[in-house]
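The structure appears below as structure tokens.
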Amino acid sequence: MQKNVKLNRALLYCCMVVLFSLYFKSYAAAPTQGKPVSLTIKNSSLAEVLRQVSKKSGLYIYFQDADLEAHKNVTIDVRNKPVESVLHELLDGRGFSWVEVGENTIAVKKKPDPELERRIEGDSVSTITVTGKVVDEKGEPVIGASIAVKGSKNGTITSADGAFLLKGVKDNSSLIISNISFLTQEIAVKGRTSIGSIQLKEYVGVLDEAVVIAYGQTTKRFATGSVGVLRTADIEKQPVSNPLYALQGRIPGLIVTPTSGLPGAPVTVQIRGRSSLNAGSEPLFIIDGVPYNNSMSALVVGVGALGLGMSPLNFINPSDIESISVLKDADATAIYGSRGANGVILITTKKGKYGVTKVDINIQQGISQVAKRIKTMNTEQYLAMRKEALKNDGLIDRLNDPSFSEIYPDLMLWDQSRYTDWQKVLIGNNASYTNAQSSITGGTEVMQYLIGGNYHRETTVFPGENANSRGGGHFSITGNSNDKKFSATLTGSYLASKSSIPPTDFTNQAITNEPNAPAGYNPDGTVNWALFPATGIYTTWQTPPYSATLLNPYELKINNLTTSTEIKYQFRPVMLKVNAGYNEIRGNSFKGTTIQSFQPAYASFNFLRNAAYSDNIIRNISVEPQISYAGDIFKGKADILIGGSFQSNTAMTNDLILFDFPSDLLLKSKSAASSVQYKNNTTSQYKYCAVFARIGYNLNGKYLLNINARRDGSSRFGPGNQFGNFGSIGAAWVFSDEEFIKINKSILSFGKLRLSYGTAGNDGIGNYQYLEQYQNILANPYQGAMGYQTTGLFNPYYHWETSRKLEMALEIGTLKDRILLTANYYRHRSDNQLISYPYPSMAGYGSLIKNLPALTQNSGIEIILATTNIKNKNFSWSANLNVTVNRNKLLKYPNLQNSAFAQSIVGQPFWGFVDVFKSAGVDPISGLYQFQSQKGEVVSNPNTSDFPKYGKDIRIVTAPKFYGGLLNSFTFKNLSLDVFIEFKKQMGVNPLYQVEVFPGASRMNQPAEIFGKQWKKEGDVAMYQKFTTTSAEGAYDRYSYYANSDKGFVDATFIRFKNISLSYTLNENIRRSLHVKNLRIYVQGQNLWTITKYDGLDPETQSLSFLPPLRTITAGLQLGL
């Protein structure tokens, strides 16, 4: 039988040379015949000689470099010599032999030790013979795995079917099972002669880890596109309820910005900036192949963050996620066509895996709190500000007239020495955080399954006992035919959420409430209305106290169902596959206004009672049939995919407000209301279809080519313009595998250049824009009938906005990939901009969508540096740094000066900026803010009639100059520590000018920074204008202008300790005594500490009206059975 000798790198993941099988009886004695080998090599390593021998004849040979490392100066010169003779010449005299482990396959090992054999035979009375089988995570046999008795030199290796037999094993010993492609595992013998199947977890280098991409998988080594990945191990270390928060700072080019710290609040997501002037810039979200909405209209009638809408991703359980892939460049996204114009985020949930049944339980408990408060005026400062304002206005004598107590109760009626820290009362509580997860997973070669359940509950830092809670389940079932040609996977998740957290955000009240205001509650627990002594029925509060607001009931319910199926049939090298999915988010809310929440003077006014009801349903249906080919063509491997995509998205909303209820107890009864205040319902449907194709080609693992093409159809365009063609091409060269580079493998272990270019469309303009639409006129019904007005004319002429993406990247690995560097340059250009133009007044109400030949550009650099700093048996330290620099500019806009974007400037940013007035400090005469005109003159009113800037001649860029994150991971034996830092360089809104009224004008507290630095008398050089109660001299206008000047923006750069995770896994002896497979305790923290000069609550959200992201600290226990 002819034997071939060849080292095949592609199969290294399933082979190794025996490390521990140094002394055992060899059964490789049969003569090996092969075609003659001719080879001349001088002073090379034994490992390299074996590789060269392999190229001459073709036998698979496995060995471990560490075993051969001592033999570095090997010389051989043979001509037409049988391969068996060549092996003997190379191995016999160096203490090695070989053993057959399969057809055309041998493994090189060290020769056995006769002394050990004698010791084992002499001790045979007290030992046993152990058998077993080693398999991988898919149930496939692991060839050449090392089986060694712990603490001895007794060992063997597995055969071609993964089986092993080991003699001379003591009853109480342990076996060490290892393989170069798998994680080492220790198994206690416990007197057993048969260990059964031992499943090894695959060890995959960072370059060869599976990366989920559009309609398939690849690896970092062979990827031709730009893909960022976050895996379940990184997600599970973060106590977050929305998986988007887990991405913050970890993926270069991705910005995730929360709008509030409330659960469910909207989240803004951008990949590599914004390319469109007017159309949508949100990426496409796909969960297990099903498109998923990233925005959801508000289900409340009120104020606060949830009044702006909700994030549907909040209703996806983060613990159900296996990985999140962020697709960025044309090569990675073009196959999604128009939907991928702004990037794609693929969320893959966990699936069942082959192996014995495993039970995992994870419980954590903690608290959340506002990480930073701003310093506001205390009572003494506040009262001084109020009185100084009256004095400046000549009104201080009013405080001696009792009739003015209704205007100035804070100065005349309330306790002048009382002080309440309203930030502590209203946003200073500790919110509880509870999270519980459980799952059961396992399976055979025929069927794998996963079933999981979850419960999550968060209270709020606001006063009251309100909470947001949710629970749900996740399952995945995969069935395979015995011949493994047919496979079907069904995956589903269901989550039910209920919240009673009021839709009113108390953050603004916490900052502006008068510090000497009375307590919110009376000693008996009733609302303290602090009534005027003169009337006894009207309150002295400027706005209803928080205690009254909490009397209004609120309930929000969300149910989210996501299910998908994948059916495939494979007759190599062709595979037929169908992905189909369904997602439904159903929400409803109720908000009541009780009569108790009004001051006593209105106690008999039933018409004040009202109730708002909202319902919302979003449905997504997706079907994608595919046919693919994966096989050899010419000298390379080809991957060809052809498919179609059909999607339907339907959204329905119903809003109803009723009033005049006879009782607070009947607010949920719609029939109890006497009148209808507001009613509205909307329905919209979006349909999308496409055909797509991809051709991938891999030549010798060095030359990679990927071509995508797609034809899209969208219902958002009129007849004749509904279809568009898009595509991309990507190429990569793994130059580290070239022969002239291989000689320096110790220095350059990996090197790749890649380039991609492609086009995509954008239809993010909303539904039905090309049709003439009408909306109802709520005011002034005619004879009791509601009127309607048009919002636009029929316009089928606009078409796809087009984006062209270019990327170049260099990827380098050194020191055996201990240092990996990736540098990307990208450029996105978008033209045929979809712009909404309002009609001239003579044409009536409405607007028109139109394509304009404006050309925009986003470009930037992304740097990723991953290092393995220390790695030994007991300690390891690795780091990962990513930095992104993004710039945008308007390249072209014909007739710009007459457009709605006339304030833009060709060659300068088209988004992420604000035009402001030029400040000139405080006028030392009047004590009011003043400004500098474009001519350099000092003026009191900077507003001009100069179109388009109207005097705002200073441009401040608010888009980040750079941003990124740094992760350091440490392990010491069973202890693990991860520290992640997020950073961003940017300008932000000055919090000193976010209070809606100027200092002294009203009963609103102000930042303490202002006090003592204000103008007091003529000639003062001050930072802030004088305190005043009136705008007669233009104080309000000047304050407003100043807030919109260069002083209204400050440095909002921050470095944030985003996440710290510390965990300890109990050692095996303790776990064994407790009869558990895994037992881990951990502590996690999110948003722990922020280093910044920004004086507001948070440099990221930059708001004094919305709750900032909360600091969360939890402790947990994970148990595996």
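For region 1075-1084, does any single residue satisfy the condition of being among the hydrophobic types (A, V, I, L, M, F, W, C), free of Cβ contacts under 8 Å to residues at least 40 places away in the same chain and not assigned by TED's automatic domain parsing to the domain that holds Thr257? Yes, there is a match, as at least one residue in region 1075-1084 is among the hydrophobic types (A, V, I, L, M, F, W, C), free of Cβ contacts under 8 Å to residues at least 40 places away in the same chain and not assigned by TED's automatic domain parsing to the domain that holds Thr257. Checked against (1) modelled with pLDDT of 90 or more; (2) farther than 27 Å from Ile1113 by Cβ, Ser1063 meets all criteria but (2). Residues that are on the phi > 0 side of the Ramachandran plot and either touching a Phe, Trp or Tyr at 6+ places or on another chain (Cβ under 6 Å) or among the charged types (D, E, K, R) (or both) within region 312-354 comprise just one, Gly337. Exactly one residue out of Ile849, Ile835 is at pLDDT below 90, within 25 Å of Asn725 (Cα to Cα), surrounded by 15 or more Cβ atoms within 10 Å (Cβ to Cβ) and touching a Lys or Arg at 6+ places or on another chain (Cβ under 8 Å), and it is Ile835. Within region 814-826, if we keep just the residues that are surrounded by fewer than 22 Cβ atoms within 10 Å (Cβ to Cβ) and hydroxyl-bearing (Ser, Thr, Tyr), the residue that is farthest from Asn872 (Cα to Cα) turns out to be Tyr825. Checking region 412-422 against the condition returns no match, with no residue being among the aliphatic types (A, V, I, L, M), surrounded by fewer than 17 Cβ atoms within 10 Å (Cβ to Cβ) and touching a Ser or Thr at 6+ places or on another chain (Cβ under 6 Å). Against the numbered list (1) part of a helix (DSSP H, G or I); (2) touching a Phe, Trp or Tyr at 6+ places or on another chain (Cβ under 6 Å), Asn508 comes up short only at (2).
The single condition from (1) over 34 Å from the mean Cα position of the chain (by Cα); (2) farther than 30 Å from Lys72 by Cα that Ile741 fails is (2). Among the residues that make up region 493-506, is at least one of them modelled with pLDDT of 95 or more and of a type in the set (Val, Ile, Thr)? No, region 493-506 contains no residue that is modelled with pLDDT of 95 or more and of a type in the set (Val, Ile, Thr). For the residues Gly751, Gly713, Gly766, the requirement of being under 30 Å from Lys72 (Cβ atoms) and under 32 Å from the mean Cα position of the chain (by Cα) singles out Gly751.
In the set Ala760, Ala785, only one residue is within 32 Å of the chain's Cα centre (by Cα) and not polar (S, T, N, Q); that residue is Ala760. Of the strands (runs of 3 or more DSSP E) lying entirely inside region 745-857, those containing at least 1 residues that are closer than 23 Å to Thr682 by Cβ and either in contact with a His (Cβ under 7 Å, 6 or more places away or on another chain) or of a type in the set (Ser, Thr, Tyr) (or both) span 774-782, 785-790, 833-838, 847-852.
Restricting the search to helices (runs of 4 or more DSSP H) fully inside region 20-117 and requiring at least 3 residues that are at pLDDT 70 or above and in contact with a strand residue (DSSP E or B) (Cβ under 9 Å, 6 or more places away or on another chain) gives 46-57, 83-91. Considering only residues in region 1008-1021 that are under 19 Å from Tyr382 (Cβ atoms) and part of a loop (DSSP other than H, G, I, E, B), the one that is farthest from the chain's Cα centre (by Cα) turns out to be Lys1016.
No other residue among Glu811, Glu801 is within 30 Å of the chain's Cα centre (by Cα), crowded, with 20+ Cβ neighbours inside 10 Å, closer than 30 Å to Asn869 by Cα and acidic (Asp, Glu) apart from Glu811. Within region 946-990, the set of residues being in a loop (DSSP other than H, G, I, E, B), more than 21 Å from Phe1049 (Cα to Cα) and of a type in the set (S, T, N, Q) comprises Asn974 only. Within region 151-177, being closer than 16 Å to Ile198 by Cα and surrounded by fewer than 16 Cβ atoms within 10 Å (Cβ to Cβ) holds for Ala160, Asp161, Ala163, Leu165. Determine if region 542-556 includes at least one residue that is in a strand (DSSP E or B), under 30 Å from Phe646 (Cα atoms) and under 36 Å from the mean Cα position of the chain (by Cα). Within region 542-556 (the criterion being in a strand (DSSP E or B), under 30 Å from Phe646 (Cα atoms) and under 36 Å from the mean Cα position of the chain (by Cα)), the answer is no, since none of the residues qualifies. I'd like to check something: does region 430-443 contain any residue that is touching a helix residue (DSSP H, G or I) at 6+ places or on another chain (Cβ under 7 Å) and either at pLDDT 95 or above or part of a loop (DSSP other than H, G, I, E, B) (or both)? Within region 430-443, one or more residues are touching a helix residue (DSSP H, G or I) at 6+ places or on another chain (Cβ under 7 Å) and either at pLDDT 95 or above or part of a loop (DSSP other than H, G, I, E, B) (or both).
Residue by residue, here is whether (1) within 30 Å of Gly766 (Cα to Cα); (2) surrounded by fewer than 16 Cβ atoms within 10 Å (Cβ to Cβ); (3) charged (D, E, K, R) holds:
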| site | (1), (2), (3) |
| --- | --- |
| Glu624 | yes, no, yes |
| Leu641 | no, no, no |
| Thr653 | yes, no, no |
| Ile657 | yes, no, no |
| Leu665 | no, yes, no |
| Lys668 | no, yes, yes |
| Ala673 | no, no, no |
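State which residue is farthest from Tyr419 (Cα to Cα) when the search covers only region 511-536 and only residues that are among the β-branched types (Val, Ile, Thr) and surrounded by 13 or more Cβ atoms within 10 Å (Cβ to Cβ). For region 511-536, the residue satisfying everything is Val527. Every test in (1) under 27 Å from Lys350 (Cα atoms); (2) buried (at least 18 other Cβ atoms within 10 Å of the Cβ) is passed by Phe598 save one, and that test is (1). Answer yes or no: is there a residue in region 451-459 that is of a type in the set (D, E, K, R), under 30 Å from Lys353 (Cα atoms), buried (at least 21 other Cβ atoms within 10 Å of the Cβ) and under 27 Å from the mean Cα position of the chain (by Cα). No. For the structure I just gave you, tell me whether Ser715 is exposed (fewer than 13 other Cβ atoms within 10 Å of the Cβ), more than 24 Å from Phe634 (Cβ to Cβ), touching a residue at least 40 places away in the same chain (Cβ under 8 Å) and among the small types (Gly, Ala, Ser). Answer is no for this residue. Just to be sure before I move on: is Val922 in contact with a strand residue (DSSP E or B) (Cβ under 9 Å, 6 or more places away or on another chain) and under 25 Å from Asp1098 (Cα atoms) in the structure I sent? The answer is no for Val922.
For region 1048-1071, does any single residue satisfy the condition of being out of contact with any Gly (no Cβ under 6 Å at 6 or more places or on another chain), within 30 Å of Val922 (Cβ to Cβ) and not in a strand (DSSP E or B)? Within region 1048-1071 (the criterion being out of contact with any Gly (no Cβ under 6 Å at 6 or more places or on another chain), within 30 Å of Val922 (Cβ to Cβ) and not in a strand (DSSP E or B)), the answer is yes, since at least one residue qualifies.
The condition of being out of contact with any Phe, Trp or Tyr (no Cβ under 6 Å at 6 or more places or on another chain), under 30 Å from Ser260 (Cβ atoms), among the hydrophobic types (A, V, I, L, M, F, W, C) and surrounded by fewer than 15 Cβ atoms within 10 Å (Cβ to Cβ) holds for only one of Ile1091, Ile1070, Ile1113, that being Ile1091. For Leu165, the conditions (1) of a type in the set (A, V, I, L, M, F, W, C); (2) over 30 Å from Arg827 (Cα atoms); (3) within 33 Å of the chain's Cα centre (by Cα) all hold with the exception of (3).
The values are calculated or read from the model by the stated rules, or taken from the named source; none is laboratory data. Computed from a predicted structure; not experimentally measured. Virtual Cβ from ideal backbone geometry, glycine too; neighbours counted across all protein chains shown.
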